[in-house]
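Trainee: This is the structure I want to talk about, given as structure tokens.
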Amino acid sequence: MDAPTIMLVAGEASGDLHGAAVCRGLKGLAPDCRLVGMGGSRMAAAGMELLVDVTASAVVGGSEALSRVPLLFRALRRLRAALAGPPRPSALVLIDFPEFNLRLARAARRAGVPVVYFIPPQVWAWRGGRVRTIRRLVSLVLAVFPFEPPLYRRAGVPVAFVGHPLLDALADAPARDAARRALGLAPDARVLGLLPGSRREEVDRMLPLMREAVARVGAARPDVRFVLAQAPTVEAELVARHLAGAPAVGVVAGRADAVMRAADLVLVTSGTATLEAALLGTPMVVCYRVSRLSGFLARLLIRVPWISLANLTLGRAVVPELYQARATAERLAAEALRLLDTPGALDAQRGAFRELAGRLGEPGVGVRAARLVLAEAGAAP
């Protein structure tokens with residue numbers, strides 16, 4: 001049998017990270033397989049031939065996404081053509097990014113290519129009707145949260161729980177002492193970490209709030225050190241511009257895991273980083289802002305009471321969340337000072353995070369996902 005060609009498609013930085021784990025798993029199980037598709041530098045480094053890369057242009061919110069439409073249409077045309085072959089892929093692996101990926105799934109279905117959805121749409125949070133589309137188009141869902149398989153089974157969708165890919169991504173995260181040494185922080189320093197997001201729009205909205213919160217915390221607690229994790233998809237100039245005039249903030253590029261591990265507390269923009277911080281055992285305050293239009297649409301559509309993955313996974317309010325109008329510098333600073341001054345509150349978060357880690361499976365997610373992808377492709381090792 002000829003070595004299979006597997007197409008993988010990710011549209012954002014987090015998808016690129018998790019897609020890389022699947023690429024490594026595929027290459028480990030089937031070294032001769034050809035990997036092609038859409039992703040970023042991590043998937044390319046893991047052995048995938050990039051047909052398209054849109055990860056650096058990721059945006060947030062419905063109205064903000066309009067500027068990205070021409071780029072995504074070009075990418076969709078390129079990938080549809082590749083699905084038609086030759087050679088036609090043996091399977092298509094979709095990674096998150098549902099607005100785009102469900103459209104591509106239709107093209108794969110027409111071409112007779114099996115579709116595997118890794119990190120499927122959050123139908124439990126909003127747009128639950130999508131589960132019917134997934135039932136029509138997707139051959140297998142690879143669930144990453146433990147509450148997803150029952151939902152998909154009830155809807156008649158084939159599903160397997162593989163665990164959350166962050167378990168693989170964080171396997172090599174440094175210990176607290178090593179992280180502090182690497183960042184030049186004293187072992188006994190009080191450290192507040194900042195994670196303003198991986199998209200330009202997030203940083204534009206959230207970093208000014210964090211800068212003002214840092215000024216307030218620094219005035220109340222001069223002993224606190226501040227360290228910001230700059231995502232690989234965010235330009236250093238953008239971060240520097242927003243930090244102008246702020247108290248001293250160390251900026252660390254590409255080492256969010258070290259910043260989280262070194263910090264006593266992080267101020268974090270809602271997203272995958274909240275789950276990452278929780279798995280690393282770092283207490284947090286979660287904040288988020290989008291445009292008024294996006295916020296209005298979210299209020300109409302979202303069906304869950306929280307915005308952070310830590311609270312959603314645990315099913316209760318463990319970490320404070322500041323969303324839209326409540327996301328102000330004053331509230332952000334007040335929550336940070338409350339937690340820094342209340343060791344019991346920090347310990348309560350850490351205890352809940354140990355419970356959360358036990359629910360998300362075991363490391364080896366990329367290999368488990370890859371094995372199931374190869375089975376769908378008719379190339380089981």
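Trainee: Every residue in the stretch 305-333 that is assigned to a helix (DSSP H, G or I) and under 19 Å from the mean Cα position of the chain (by Cα), please.
Mentor: L309, A310, N311, L312, T313, L314
Trainee: Also: Taking the stretch 349-380 as the region of interest, how many residues are in contact with a His (Cβ under 8 Å, 6 or more places away or on another chain) and outside any helix (DSSP H, G or I)?
Mentor: Residues meeting the conditions: 2.
Trainee: A follow-up question, please. Filter the stretch 1-52 down to the residues that are among the hydrophobic types (A, V, I, L, M, F, W, C), touching a residue at least 60 places away in the same chain (Cβ under 8 Å) and farther than 21 Å from P114 by Cα and list them by number.
Mentor: A13, L17
Yes/no matrix, rows are residues, columns are (1) touching a residue at least 40 places away in the same chain (Cβ under 8 Å); (2) among the charged types (D, E, K, R); (3) buried (at least 24 other Cβ atoms within 10 Å of the Cβ); (4) closer than 16 Å to V239 by Cα:
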| residue | (1), (2), (3), (4) |
| --- | --- |
| G184 | yes, no, no, no |
| P187 | no, no, no, no |
| R190 | yes, yes, no, no |
| L194 | yes, no, yes, yes |
| E202 | yes, yes, yes, yes |
| M206 | yes, no, yes, yes |
| A219 | no, no, no, no |
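Trainee: Let me confirm something: among L346, L339, which residue is part of a helix (DSSP H, G or I), among the hydrophobic types (A, V, I, L, M, F, W, C), surrounded by fewer than 20 Cβ atoms within 10 Å (Cβ to Cβ) and more than 19 Å from the chain's Cα centre (by Cα)?
Mentor: Exactly one residue qualifies, and that residue is L346.
Trainee: Taking helices (runs of 4 or more DSSP H) that fall entirely within the stretch 190-284, which contain at least 2 residues that are at pLDDT below 95 and hydroxyl-bearing (S, T, Y)?
Mentor: 272-279
Trainee: State whether one or more residues within the stretch 141-152 are surrounded by fewer than 17 Cβ atoms within 10 Å (Cβ to Cβ), within 21 Å of the chain's Cα centre (by Cα) and assigned to a loop (DSSP other than H, G, I, E, B).
Mentor: Within the stretch 141-152, one or more residues are surrounded by fewer than 17 Cβ atoms within 10 Å (Cβ to Cβ), within 21 Å of the chain's Cα centre (by Cα) and assigned to a loop (DSSP other than H, G, I, E, B).
Trainee: Is there a residue being among the charged types (D, E, K, R), at negative phi and touching a Lys or Arg at 6+ places or on another chain (Cβ under 6 Å) anywhere in the stretch 250-263?
Mentor: Yes, there is a match, as at least one residue in the stretch 250-263 is among the charged types (D, E, K, R), at negative phi and touching a Lys or Arg at 6+ places or on another chain (Cβ under 6 Å).
Trainee: Do we find that G254 is within 24 Å of the chain's Cα centre (by Cα), surrounded by fewer than 22 Cβ atoms within 10 Å (Cβ to Cβ) and under 21 Å from R190 (Cα atoms) in this structure? Spell out the reasoning first.
Mentor: On the way: within 24 Å of the chain's Cα centre (by Cα): yes; surrounded by fewer than 22 Cβ atoms within 10 Å (Cβ to Cβ): yes; under 21 Å from R190 (Cα atoms): no.
Against the criterion (within 24 Å of the chain's Cα centre (by Cα), surrounded by fewer than 22 Cβ atoms within 10 Å (Cβ to Cβ) and under 21 Å from R190 (Cα atoms)), G254 does not qualify.
Trainee: Does any residue of the stretch 132-139 turn out to be among the small types (G, A, S) and buried (at least 20 other Cβ atoms within 10 Å of the Cβ)?
Mentor: Initially, the stretch 132-139 is screened for residues among the small types (G, A, S), giving 139.
Retained after the next criterion (residues that are buried (at least 20 other Cβ atoms within 10 Å of the Cβ)): none.
Looking for residues that are among the small types (G, A, S) and buried (at least 20 other Cβ atoms within 10 Å of the Cβ), one finds none in the stretch 132-139, hence no.
Trainee: What number of residues within the stretch 339-381 are among the small types (G, A, S) and under 30 Å from R221 (Cβ atoms)? First the steps, then the outcome.
Mentor: Step one: of the stretch 339-381, the residues among the small types (G, A, S) are 344-345, 348, 351-352, 357-358, 361, 364, 366, 369-370, 375, 377-380.
Now narrow it down to the ones that are under 30 Å from R221 (Cβ atoms): 344-345, 348, 351-352, 357.
The number of residues fulfilling the criteria is 6.
The values are calculated or read from the model by the stated rules, or taken from the named source; none is laboratory data. Remember, it's a predicted structure, so these values are computed and weren't measured experimentally. Note that we place each Cβ from the backbone using ideal geometry, even for glycine, and neighbour counts take in every protein chain shown.
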